[in-house]
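The values are calculated or read from the model by the stated rules, or taken from the named source; none is laboratory data. What you see is a predicted model; the values in this text were computed from it and never measured. In this analysis, Cβ positions are derived from the backbone assuming ideal geometry, glycine residues included, and neighbour counts consider all displayed protein chains.
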Number of protein chains: 2
Amino acid sequence: MNVRDSNARLLTDADVARFPNAAAVELMRAAVLAAESGELSAPARLHAADLTFTAGGTPQVFGFRAYHTRDTPHDDQAVVVWDASGRVRGIVIGGALGPLRTSALGALATQVLADPAAARLGLIGSGTQARAHALAVASVRELEAVTVYSRDPARREALAAELRCAGLPAVSAASAREVCENSNLLTLATNSAAPVIETGWIRPGTHVCTLGPKERNRHEFPADLAGMAALVVTDSPAQLAAYPGGHLFADAPVRSLGACLNDPPVRHAHDITVFLSVGLAGTEVLLADALLGVS
Amino acid sequence: MNVRDSNARLLTDADVARFPNAAAVELMRAAVLAAESGELSAPARLHAADLTFTAGGTPQVFGFRAYHTRDTPHDDQAVVVWDASGRVRGIVIGGALGPLRTSALGALATQVLADPAAARLGLIGSGTQARAHALAVASVRELEAVTVYSRDPARREALAAELRCAGLPAVSAASAREVCENSNLLTLATNSAAPVIETGWIRPGTHVCTLGPKERNRHEFPADLAGMAALVVTDSPAQLAAYPGGHLFADAPVRSLGACLNDPPVRHAHDITVFLSVGLAGTEVLLADALLGVS
């Protein structure tokens, strides 16, 4: 038999957990610039037989992320990476790569868009994305405070305690309003279809990051956030524009994060900036490739 | 960190090579019946960023095969399998799973369609598919002769020698016509865009299997094969019908292999039967699932 060996490797969440957040942020900086220049191709996602695929790649590396939409107890994802010679480098299985990627993009956006002195992070939501976001931002900026709110008191206190264990000055808050009033970096990380804050609660000069729903008929932030923002940025204008049913910022100018990296925007002291996180396709593949290189 | 273990496993061509052909044939029998009953879903293939995906699954197991279309030295494929709980069971990487699957379907079709006494296998083509096909047919039927032709004398003799090592009575032939005249099981396994045989060479009562091109403007067999066949069968009428540009049997009735399993066709002694192998989607996932169960 003409048997051929493979050096492909399989990584899991334990391997992902060892990858430094700061390195993920630098990878996302390179990825966002590659997408802006057209070197990173990231076509629209595909759907078939309970599976969704987001493919992407550069001349050096390509692959895809696949996740399923069946109603099951587990939701393992798979990211498969090929090298330029056409060999599979490896696969990353589990649920941790996505939050590492998304949080690194959020931290990068914070570096580019927020007041450099802003160091009071507020989190609405206490799930995986909220936790990953706090750790990623903390890897690029020393935080003076992290304030956490979610509806379940036990969950918000648990996340605050977990972040304290990670060395962050985290406390839980009794309301979303309290979080807003204590923060100049405000991150919404919920699955809420209805606004979880009011725009009046947002302090001038705050950078707002929204990780959750931003569709026209389903959004975790108030509809008038678009009107009060001096600058709205997304990691992928193409993916944002392709939202089924549209998104809340369809009538406002939305810049790409890559364009902001190439041409940093001028921020005035009281400007409210907004980052619409959509998960630039292809970035999972580049992050998985880096993981396969170090793990 | 909320790290979660995974029991997912990674198999390569070496693992695939250990899987018995006869077991693969029985799996394909079950898969073809599941496709016929609608239990195996196998939607159209998807394309994005140099990658092609064929997804498929049953209530118990689902996943996909992915292969790339870049012009590279290697062409590793990946098959990822999820279980019913939503966990990734594992991945099979390499190039061997596809030929094991395709050859098992071809052997199954031989069992169902060929004269039970037919035992003289002819191969036009000497590549991976030809080799796999001979071994798969030999796993379900004792062969009296295997005759191999391909344009390169060294390659056809090498395959004959390799099959002799595997215990088959294989010889190479000097022409495609000689193969046809010596065979009642005739398999075309080329990438040829032009016919590699003439219909006049095919002996009455022969079962013909075509693994290569069968498009209207690109076909390894003569156009009049459609007219001389008493029965034409494919593993997936839907996939055959979806061929871009159409296929040569568009005007002839083509039965599904699953229907023939449920209602075996009556064969007359001189009937020529044709199996159009298209690679029923979803079968790679079921085969990978079985491999993960035994490896």
Inset, instruction - With respect to B:I124, determine if the residue is within 7 Å of chain A (Cβ to nearest Cβ), modelled with pLDDT of 95 or more and touching a Ser or Thr at 6+ places or on another chain (Cβ under 7 Å). - result: no
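Each row is one residue, and each column tells you yes or no for (1) touching a helix residue (DSSP H, G or I) at 6+ places or on another chain (Cβ under 6 Å); (2) acidic (D, E); (3) farther than 16 Å from A:G122 by Cα.
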position: A:S150; (1), (2), (3): yes, no, no
position: A:A154; (1), (2), (3): no, no, yes
position: A:L163; (1), (2), (3): yes, no, no
position: A:A170; (1), (2), (3): yes, no, no
position: A:V179; (1), (2), (3): no, no, no
position: A:T187; (1), (2), (3): yes, no, no
position: A:I197; (1), (2), (3): yes, no, no
Inset, instruction - Quickly run through the stretch A:268-284 and pick out the residues that are away from every other protein chain (no Cβ under 14 Å) and either part of a loop (DSSP other than H, G, I, E, B) or among the acidic types (D, E) (or both). - result: A:H268, A:A269, A:H270, A:D271, A:I272, A:S277, A:V278, A:G279
Legend entry - Matching entry among A:T110, A:T72, A:T54 (being in contact (Cβ under 8 Å) with a residue 24 or more places away in the chain, facing chain B (nearest Cβ under 10 Å) and in contact with a strand residue (DSSP E or B) (Cβ under 9 Å, 6 or more places away or on another chain)): A:T54
Inset, instruction - Report, by residue number, each residue of the stretch A:53-79 that is part of a strand (DSSP E or B) and more than 18 Å from B:D83 (Cβ to Cβ). - result: A:F53, A:T54, A:A55, A:G56, A:G57, A:V61, A:F62, A:G63, A:F64, A:R65, A:V79
Inset, instruction - Select from the stretch B:37-51 the residues that are assigned to a strand (DSSP E or B) and within 23 Å of A:I93 (Cα to Cα) and write down the one among them that is farthest from the other protein chains (Cβ to nearest Cβ). - result: B:H47
Inset, instruction - Go through (1) part of a strand (DSSP E or B); (2) touching an Asp or Glu at 6+ places or on another chain (Cβ under 9 Å) and name the single condition A:V146 misses. - result: (2)
Legend entry - Matching residues, the stretch B:75-98, being facing chain A (nearest Cβ under 7 Å), among the small types (G, A, S) and surrounded by 24 or more Cβ atoms within 10 Å (Cβ to Cβ): B:A78, B:G94
Inset, instruction - Answer yes or no as to whether B:R151 is at the interface with another protein chain (Cβ under 10 Å from one of its Cβ atoms), modelled with pLDDT of 95 or more and either surrounded by fewer than 24 Cβ atoms within 10 Å (Cβ to Cβ) or closer than 23 Å to B:N191 by Cα (or both). - result: no
Inset, instruction - Keeping to the stretch A:44-55, report how many residues are more than 18 Å from A:T102 (Cα to Cα) and surrounded by fewer than 23 Cβ atoms within 10 Å (Cβ to Cβ). - result: 4
Inset, instruction - Would you mind listing the helices (runs of 4 or more DSSP H) fully within the stretch B:156-267 where at least 1 residues are more than 26 Å from B:A31 (Cα to Cα) and basic (K, R)? - result: B:176-181
Inset, instruction - Can you confirm whether the stretch A:24-36 contains a residue that is within 9 Å of chain B (Cβ to nearest Cβ) and either crowded, with 20+ Cβ neighbours inside 10 Å or of a type outside the set (S, T, N, Q) (or both)? - result: no
